[in-house]
Amino acid sequence: MALADHLSSPISRRGFLRQSFAFSALSALGSDLAFGHAPAASPGAHEVLMIGDWGYDDAAAQTRVAAGMTAYARKNAIHPDAFFLLGDNWYGALDGGVNSTRWKTNFEDMYSKDVYNCPAYAVLGNHDYQRFPESKVESELAYARTPGTRWTMPARWYSFEFPRKNPLITFIALDSNMPHGKPSTPNPDKPSRDFTLTPEEKDQQLAWLTTELARPRTTPYLAVIAHHPVYSNGPHGDHATLIADWDPLFRKHNVTLYLAGHDHDLQHLEFENHPTSFFLSGGGGADLYNLKTDPAHRGPYGQKVNGFSHLSVTADQLTLRHLDTDGHILHSFTKTPAGKIALS
Ligand SMILES: [Fe+2]
């Protein structure tokens, strides 16, 4: 399907508010600026906190986001059942690989077990796909085998059900580091440290994804997590390969939610007649970039800001929130198993 076919029906925030969704009084007031004040913890809900693009060389912003997220969790008595790390887990050098001191300082201690007493499901970003000095992909896979760690990455692509008992969401974690056709060593004297999936691995993953999506499932929701966004208003824009390979499968199998990072901002995009909500959380600690497309044109939400995100899951609805480093809700919405969306 041509790229243009997918982009022909963007929904602006104002257009989104006009859609036949159920909205709060916010839409009746016509305000595009006031955002939700939903209670942070829903009774009986299962909680996920998430960050993307977080393992920056200079950890100042990462530390601020982590402190804000931890304070938010404590204040609202949120005991996450899972913590998602949406890629670009390690920028720069990971000296020592699996034995790097960064594991303790910037992961184990930064997100301490007294709050994040749960599996930390991680996917791989482009900065993880570097030999710096050795393959960070291999180091991250190896670290997941460390006894006692919460770091969870059983393979480069994998699936799991959430929560573990009486699951409500089937999650599929993917590797979005697509081969781009450029020679990996343009200068033999100075080989690039960057690499990607090989074309064969890309095909293997797509075959696995196709099979996985076709499996009978009992959960009311189906969600995919990966590093690169399929659609983004940020500087990286829309991803032609993911639109060609993955998006038709998301439509066919009614994927509820696609969680990603890569652009260093927070976003939420909806498209007419598309079952999937695209939710981007890339404000976990790296430097920020300007948005390329105004979320007033295609939205409903996008903001250049450091922050984190919170998913609450019940059988009746998902609640998704973007928050800043002070724990203020910047944007939130709910989605039912039938796909009904409400900004809250
Ligand atoms: Fe990235």
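The values are calculated or read from the model by the stated rules, or taken from the named source; none is laboratory data. Just so it is clear, the structure is predicted and the values come from calculations on it, not from any experiment. Positions of Cβ are generated from backbone atoms using ideal geometry, with glycine treated the same way; all protein chains shown enter the neighbour counts. The area values use the complete protein model at the heavy-atom level, side chains included, leaving out ligands, DNA and RNA. Shrake-Rupley method; radii C 1.70, N 1.55, O 1.52, S 1.80 Å.
Yes/no per residue for (1) more than 22 Å from Leu311 (Cβ to Cβ); (2) away from the ligand (no atom under 16 Å from the Cβ); (3) among the small types (Gly, Ala, Ser); (4) without any contact (Cβ under 8 Å) to a residue 40 or more places away in the chain:
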| position | (1), (2), (3), (4) |
| --- | --- |
| Asp194 | yes, no, no, no |
| Thr198 | yes, yes, no, yes |
| Trp208 | yes, yes, no, no |
| Leu213 | no, yes, no, no |
| Pro216 | yes, yes, no, yes |
| Ala226 | no, no, yes, no |
| Pro229 | no, no, no, no |
| Ser232 | no, no, yes, no |
| Asp238 | yes, no, no, no |
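Can you find a residue that is surrounded by fewer than 17 Cβ atoms within 10 Å (Cβ to Cβ), basic (Lys, Arg) and under 28 Å from Gln205 (Cβ atoms) anywhere in the range 318-338? Among the residues of the range 318-338, not one is surrounded by fewer than 17 Cβ atoms within 10 Å (Cβ to Cβ), basic (Lys, Arg) and under 28 Å from Gln205 (Cβ atoms), which makes the answer no.
Looking for something under 24 Å from Ser42 (Cβ atoms) and either in contact (Cβ under 8 Å) with a residue 12 or more places away in the chain or within 16 Å of the ligand (Cβ to nearest atom) (or both) - is there at least one such residue anywhere in the range 242-252? No, the range 242-252 contains no residue that is under 24 Å from Ser42 (Cβ atoms) and either in contact (Cβ under 8 Å) with a residue 12 or more places away in the chain or within 16 Å of the ligand (Cβ to nearest atom) (or both). On the stretch given as the range 93-128, residues that are of a type in the set (Gly, Ala, Ser), open to solvent by 10 Å² or more (accessible area, probe 1.4 Å) and within 16 Å of the ligand (Cβ to nearest atom) total 0. Restricting Pro167, Pro199, Pro229 to those that are open to solvent by 10 Å² or more (accessible area, probe 1.4 Å) and over 22 Å from Asp81 (Cβ atoms) reduces the list to Pro199. The lone criterion from (1) closer than 21 Å to Asn89 by Cα; (2) crowded, with 20+ Cβ neighbours inside 10 Å left unmet by Gly237 is number (2).
Would you pick out the residues in the range 291-302 that are under 24 Å from Ser42 (Cβ atoms) and open to solvent by 30 Å² or more (accessible area, probe 1.4 Å)?
Across the range 291-302, there are no qualifying residues.
Here Leu288 meets the list (1) open to solvent by 10 Å² or more (accessible area, probe 1.4 Å); (2) away from the ligand (no atom under 15 Å from the Cβ); (3) in a loop (DSSP other than H, G, I, E, B) almost entirely, failing just condition (2). Determine, yes or no, whether Leu280 is on the phi < 0 side of the Ramachandran plot, touching a Gly at 6+ places or on another chain (Cβ under 7 Å), within 16 Å of the ligand (Cβ to nearest atom) and not in a loop (DSSP other than H, G, I, E, B). Yes, satisfied.
The residue pairs whose first member lies in the range 67-90 and is more than 16 Å from the ligand (Cβ to nearest atom), whose second member is at pLDDT below 95 and open to solvent by 20 Å² or more (accessible area, probe 1.4 Å), and whose beta carbons are closer than 9 Å, counting only pairs six or more residues apart or on different chains, are Asn76/Pro39; Asn76/Ala41; Ala77/Ala41; Ile78/Ala41; His79/Ala41; Asp81/Arg164.
Could you please find all residues in the range 258-277 being within 16 Å of the ligand (Cβ to nearest atom) and either open to solvent by 20 Å² or more (accessible area, probe 1.4 Å) or not aliphatic (A, V, I, L, M) (or both)?
Tyr258, Gly261, His262, Asp263, His264, Asp265, Gln267
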